[in-house]
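A.B. asks: Take a look at this one; I'll ask things after.
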Amino acid sequence: MSMQDDEDEDGTTLGLRKIVHIDMDAFFASVEQRDNPALRGKPVAVGHAGGRGVVAAASYEARVFGVKSAMPSATALRLCPSLIFVPPRFEAYREASQHIRAIFRRFTPHVEPLSLDEAYLDVTDDLRGIGSATRIAEMIRAAIRAETGLTASAGVSYNKFLAKLASDQNKPDGCCVIRPGQGSAFVASLPVRRFHGVGPRGAEKLAKLGIATGADLAAHDIAFLRQHFGSFADYLFRAARGIDLRPVRANRKAKSIGGERTFSSDLSKPEELRDTLERIIAIVWDRIAEKQARGRTVVLKLKYNDFRTVTRSRSLPQPVDSRQTFARLARELMAEAMPLELPIRLLGLTLANLQGANFEGDAVKEAPRSDGQLSLL
């Protein structure tokens, strides 16, 4: 598909941006398969199989069996007994990510990383004078494949919300274009569950109101949505119309790093909460270690099943410098929150008050995951 004619006629004239969202395909697992030919074509999980191990990433061959990131390793092995676990090699992932970002910057300085494996690019005024966001996206995908041996999917549109939706549309190794004037129609055809931030419980609540698609959502005014969804209504109102005015923010420095998990079923049993907290501690600390981040404040976030959110935090006079300290503070904060007022639908941990952070906004949360997987912040 090409967006060039639409861009020439509408994009610049109407002041629309040209946004590309690049999302690497099963990034960690793909790096492992690239570097070890014996793993190619086989179900692979990055993580540790024993104890409280969790899946950090899964290859597409593993996903066929239902294996997902942040899933307990024992569960993953039950779903796929032939699953091959490989320990994470963050230095290899970081090296590949840096190469990929260097490719991005051949086309534009306006690059906003969301994590090691995805980023927004504003190519409204690209460095090479190509003019077509679609052509740039395809050139980037081709360069990534040729230079790194990895595949990427791309979404091309006139705002960030639509570009990110588009990059999911033809995965893996695909490209989807939403041209100027097509955004509202594209969103209208989608199930609301596809909207970032709308999880199983949110979709269930929308369904009870007779809202299943973007078109159903767009039929309701902001007053109705605020009555039922509070502050989340503003996002829903804009999303249903394909509206997103956020600019691409290059070189954004992270202020915190962490992750949160939204559950398909509410949690209330102490043993469930303890097990889930330990899994989040393990994954978030890996993320902190990967970034070599240092911060003084640990924050626990809980969202009750009535959608109220509470946070508890603990600060130290010196940076948290070990997994043991991070885990101890997280457990203490959880103990302070007990007994719960209500069952919870979300649990998150964050290391804040970062000191000397020299990495870009990889750790900035773009949109919550609501499929039971961990969303990195």
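A.B. asks: Do you know which residues across segment 256-296 are closer than 20 Å to MET338 by Cβ, of a type outside the set (Val, Ile, Thr) and within 22 Å of the chain's Cα centre (by Cα)?
C.D. replies: Within segment 256-296, GLU260, ARG261, PHE263, SER265, ASP266, LEU277, GLU278, ARG279 qualify.
A.B. asks: Further question: Counting only residues that are more than 20 Å from the chain's Cα centre (by Cα) and on the phi < 0 side of the Ramachandran plot, how many does segment 24-63 have?
C.D. replies: Residues that pass the stated criteria total 18.
A.B. asks: Just the residues that are out of contact with any Pro (no Cβ under 9 Å at 6 or more places or on another chain) and acidic (Asp, Glu), please, taken from segment 33-66.
C.D. replies: ASP35
A.B. asks: Here's another thing I want to ask about it. Going through segment 107-149 one residue at a time, which ones are farther than 22 Å from ARG179 by Cβ, without any contact (Cβ under 8 Å) to a residue 24 or more places away in the chain and charged (D, E, K, R)?
C.D. replies: ARG145
A.B. asks: Which residue is surrounded by the most Cβ atoms within 10 Å (Cβ to Cβ), if the candidates are limited to segment 170-185 and must be under 17 Å from LYS160 (Cβ atoms) and out of contact with any Lys or Arg (no Cβ under 9 Å at 6 or more places or on another chain)?
C.D. replies: For segment 170-185, the residue satisfying everything is ILE178.
A.B. asks: Identify all residues within segment 47-67 that are within 16 Å of SER82 (Cβ to Cβ) and either modelled with pLDDT under 95 or assigned by TED's automatic domain parsing to the domain that holds ILE281 (or both); write none if there are none.
C.D. replies: GLY47, ALA49, VAL55
A.B. asks: Can you list residue pairs whose Cβ atoms sit under 8 Å apart, with the first residue in segment 186-197 being touching a residue at least 24 places away in the same chain (Cβ under 8 Å) and the second being polar (S, T, N, Q)? Count only pairs 6 or more apart in sequence or on different chains.
C.D. replies: ALA188/THR213; SER189/THR213; LEU190/THR213; VAL192/THR213; GLY197/SER370
A.B. asks: Taking only pairs six or more apart or across chains, which ones have beta-carbon atoms under 8 Å, a first residue in segment 84-99 that is of a type in the set (D, E, K, R), and a second residue that is in a helix (DSSP H, G or I) and surrounded by fewer than 19 Cβ atoms within 10 Å (Cβ to Cβ)?
C.D. replies: The qualifying pairs are ARG94/GLU290.
A.B. asks: So in segment 215-231, with the set limited to residues that are part of a loop (DSSP other than H, G, I, E, B) and on the phi < 0 side of the Ramachandran plot, which one is surrounded by the most Cβ atoms within 10 Å (Cβ to Cβ)?
C.D. replies: HIS220
A.B. asks: May I ask you to list the residues in segment 308-345 that are within 15 Å of ILE280 (Cβ to Cβ) and polar (S, T, N, Q)?
C.D. replies: Answer for segment 308-345, where residues must be within 15 Å of ILE280 (Cβ to Cβ) and polar (S, T, N, Q): just THR311.
The values are calculated or read from the model by the stated rules, or taken from the named source; none is laboratory data. Please read all numbers here as calculations on a predicted model, not as lab measurements. Positions of Cβ are backbone-derived with ideal geometry, glycine not excepted, and every protein chain shown enters the neighbour counts.
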